[in-house]
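Visitor: Here it is, the structure in full.
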Amino acid sequence: MCNNISEIWTQMEPITDLPHEMIEDSQSKWDAFCSAAKDANISLWNDSEFIKVSKRVFAFSNFIAGSCTHNPAMLADLVKSGELHEQFPPDHYHHQLKKSLSRLYELEQEDTLFSILRKFRLREMIRIAWRDLAGWADLSQTMADLSALADACIHQALLLLYEWACHKYGIPQGYDGSPQFLVVLGMGKLGGGELNFSSYVVLIFAYPEAGQTRGVSEPISNEEFFVRLCRRLIKTIGSRTSEGIVFRVDMNLRPYGESGPLVMSFDAMEAYYQEQGREWERYAWIKARVVAGDKSAGAQLLERLNPFVYRRYLDFGAFDSLRNMKQKISLEVKRKHMSHNIKLGLGGIREIEFFGQIFQLIRGGVAPELQEQSLRKVLKILARENYISPQA
């Protein structure tokens, strides 16, 4: 029982490589968790090695400590199932979430959908964060897990919302009468498969062809159908309830930004980038990846937009555009006194992204191996192909 665990805790050798304040804070968090588990009549473990790991994890994460204290049964289940020690394959989250949502296809219960998604996301976030802080997963595994979790939440929610929308508005169809489905593109860290715990999911929506729905007495245009579907998907994923949020959603990279249409047909999107696409949008589309919806149609869209992103010659003109972008960011960092910001400051994440992606924009059209969404993979390719030294 948990009071025995508390005794084991006090008998163990103290952590010596953390500040005294963190050690005291960790003990306080653990006591609160043990009390909550005891009140809930939950039997836990008495493994001293695991408790030692728990001590460190609680010290490093208020999120984990608070969530487990609020719901000790969740941590008990993670321990009992052995999932804290497992490295899941990318499709695991899809299978689990699909199973949890299966009964809702016949029952349009938005509140239940919201609750299932948020509980699922919280449990998996705890598992991923625990493995990260315990040293059981490296950086690549952690980012891959977070990205796969986001993919699954977006895709499985979309499948359900699409079915509900078809029942109400009819099935959107293309020129040849075939059903149309939404394509969801992940940009930024999600597109690169390198999502972190605080990231927004940056999305762009598209659908293959104009047309209208069929199967209802009052059909609507495909555009109207997908606008309504996208609004509902954003609300499902991004709105905050008493059970929290799934992921914060950012739509600002879509054509025309905040003032632009929420979703566009492939033809309209291709025309926009051919006629009005700017250099910074080329930069953003380097990381574009189909994360949900019709994967086959999404691959066709990416192929159509590839000439916009990657020029078929050495594109040294990209230098001026990226230099201007970098100067604007540097001025903003200076104005806000953010020189030590790990993302935007000198030597931070954004500078590393610029470093890798300038090679992609300049040489990606003639060196297809650089057409890669993952920044970490790009850096390895640059070293392997002698664009930069391994030390750099």
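Visitor: To the nearest 10 Å², what's Cys68's accessible area with a 1.4 Å probe?
Guide: 0
Visitor: Same structure again: Could you check the simple spin-label distance between Ser389 and Lys336, using points 7 Å along Cα→Cβ, in nm with one decimal?
Guide: According to this spin-label approximation, the distance is 3.5 nm.
Visitor: What is the Cα convex hull volume of segment 172-280 when expressed per residue in Å³?
Guide: Spelled out: Cα convex hull of segment 172-280, divided by residues, is 136 Å³.
Visitor: How long are the three semi-axes of the equivalent ellipsoid for segment 127-201, computed from the Cα gyration tensor as the root of 5 times each eigenvalue, in whole Å, largest first?
Guide: Semi-axis lengths for segment 127-201 are 35, 13, 9 Å.
Visitor: Compute, for His95, the solvent-accessible surface of its heavy atoms (probe 1.4 Å) with the complete set of protein chains present, and express it in square angstrom to the nearest 10.
Guide: Approximately 110 Å² of His95 is accessible to the 1.4 Å probe.
Visitor: Hey, another quick one. Looking at the calculated P(r) for segment 307-392, what percent of the C-alpha pair distances fall above 16 Å?
Guide: 57
Visitor: Could you tell me which chymotrypsin sites (Phe, Trp or Tyr not before Pro) in segment 135-172 are loop residues by DSSP with no more than 15 other beta carbons within 10 angstrom of their beta carbon?
Guide: For chymotrypsin sites (Phe, Trp or Tyr not before Pro) across segment 135-172 that sit outside H, G, I, E and B with at most 15 neighbouring Cβ atoms in 10 Å, the list reads Trp136.
Visitor: Are there any trypsin sites (Lys or Arg not before Pro) in segment 311-373 that are in a DSSP loop and have at most 16 other Cβ atoms within 10 Å? List them by number.
Guide: Loop-located and lightly packed - Arg312, Lys336, Lys343.
Visitor: At a threshold of 8 angstrom on Cα-Cα distance, excluding pairs fewer than six apart, so keeping six or more, what relative contact order does the chain reach in percent?
Guide: 12
Visitor: Kindly flag which residue pairs out of Lys119/Lys377; Lys287/Lys328; Lys98/Lys295; Lys80/Lys189; Lys99/Lys377; Lys99/Lys343 have an alpha-carbon separation exceeding 27 Å in this structure.
Guide: Lys119/Lys377; Lys80/Lys189; Lys99/Lys377; Lys99/Lys343
Visitor: Taking H placed 1.01 Å from N in the peptide plane, check which residues at least 5 places from Lys287 or on another chain put their amide H under 5 Å from its amide H.
Guide: Gly188
Visitor: Dividing the alpha-carbon Rg of segment 54-109 by 2.2 N^0.38 Å yields what?
Guide: 1.48
Visitor: For the chain, set up a Gaussian network in which alpha carbons nearer than 10 Å are linked by springs, and say which option among Arg231, Arg127, Arg248 fluctuates the most.
Guide: Between Arg231, Arg127, Arg248, it is Arg231 that shows the largest mean-square fluctuation.
Visitor: Another question, then. At a Förster radius of 25 Å, what calculated FRET efficiency corresponds to the Cβ-Cβ distance of Phe316 and Trp280, to the nearest 0.05?
Guide: Calculated transfer efficiency: 0.90.
Visitor: Where does the chain land on the Kirkwood hydrodynamic radius, alpha-carbon pairs, in angstrom?
Guide: 23.5
Visitor: Suppose we keep just the alpha-carbon trace of segment 240-381; what are its Rg and Dmax in angstrom?
Guide: Answer for segment 240-381, Rg first and Dmax second: 16.7, 53 Å.
Visitor: How big is the Rg/Rh ratio for segment 15-78, C-alpha atoms only, Rh by Kirkwood, two decimals?
Guide: Across segment 15-78, the Cα-based Rg/Rh ratio is 0.96.
Visitor: In a shell of Cβ-Cβ distance under 10 Å around Tyr207, excluding Tyr207 itself, what net charge do Lys and Arg (+1) and Asp and Glu (-1) give?
Guide: Taking every Cβ under 10 Å from that of Tyr207, the sum is -3.
Visitor: Also: If I fit a long axis through the Cα atoms of helix 375-384 and take the longest principal axis of the Cα atoms of the chain, what angle between them do I get, 0 to 90°, rounded to 10?
Guide: With both axes taken from Cα atoms, the answer is about 80 degrees.
Visitor: Output the Kirkwood hydrodynamic radius of segment 98-141, Cα pairs only, in Å rounded to one decimal.
Guide: The Cα-based Kirkwood calculation yields 12.1 Å.
Visitor: Might you report the magnitude of the Cβ-based charge dipole of the chain about its Cα centre, with Lys and Arg at +1 and Asp and Glu at -1, to the nearest 20 debye?
Guide: So the magnitude is around 720 debye.
Visitor: With r defined as the distance between the Cβ atoms of Lys343 and Ala40 and R0 fixed at 35 Å, what FRET efficiency is calculated, to the nearest 0.05?
Guide: Using R0 = 35 Å, I get an efficiency of 0.35.
Visitor: Follow-up. If the only charges are +1 at each Lys and Arg Cβ and -1 at each Asp and Glu Cβ, what is the size of the charge dipole of segment 68-143 around the Cα centre, to the nearest 20 debye?
Guide: My answer is approximately 160 debye.
Visitor: OK, next. Return the equivalent ellipsoid semi-axes of segment 81-216 as a descending list in whole Å, where each equals the square root of 5 times an eigenvalue of the C-alpha gyration tensor.
Guide: Semi-axes, largest first: 32, 18, 11 Å.
Visitor: So, one more: Taking only protein heavy atoms and a 1.4 Å probe, what accessible area per residue, in Å², does the chain have with all protein chains in place?
Guide: For the chain, the per-residue accessible area is 50 Å².
Visitor: Using θ = phi - 60° and the Karplus curve 6.51 cos²θ - 1.76 cosθ + 1.60, what whole-Hz ³J(HN,Hα) does each residue of segment 122-139 get, with Gly and Pro shown as x?
Guide: Along segment 122-139, the couplings run 4, 4, 6, 5, 4, 4, 5, 5, 4, 4, 5, 6, 7, x, 8, 9, 8, 4 Hz.
Visitor: For segment 29-119, which GluC sites (Glu not before Pro) are in a loop by DSSP, counting at most 10 other Cβ atoms within 10 Å?
Guide: Qualifying residues, ordered by number: Glu106.
The values are calculated or read from the model by the stated rules, or taken from the named source; none is laboratory data. As the structure is a computational prediction, the values presented were derived from the model and not from experiment. Because the Cβ atoms are built from the backbone with ideal geometry, glycine has one as well, and the counts that use them run over all protein chains shown. Ligands, DNA and RNA are stripped out before the accessible areas are found, and what is left, the full protein with its side chains, is counted by its heavy atoms. Shrake-Rupley method; radii C 1.70, N 1.55, O 1.52, S 1.80 Å.
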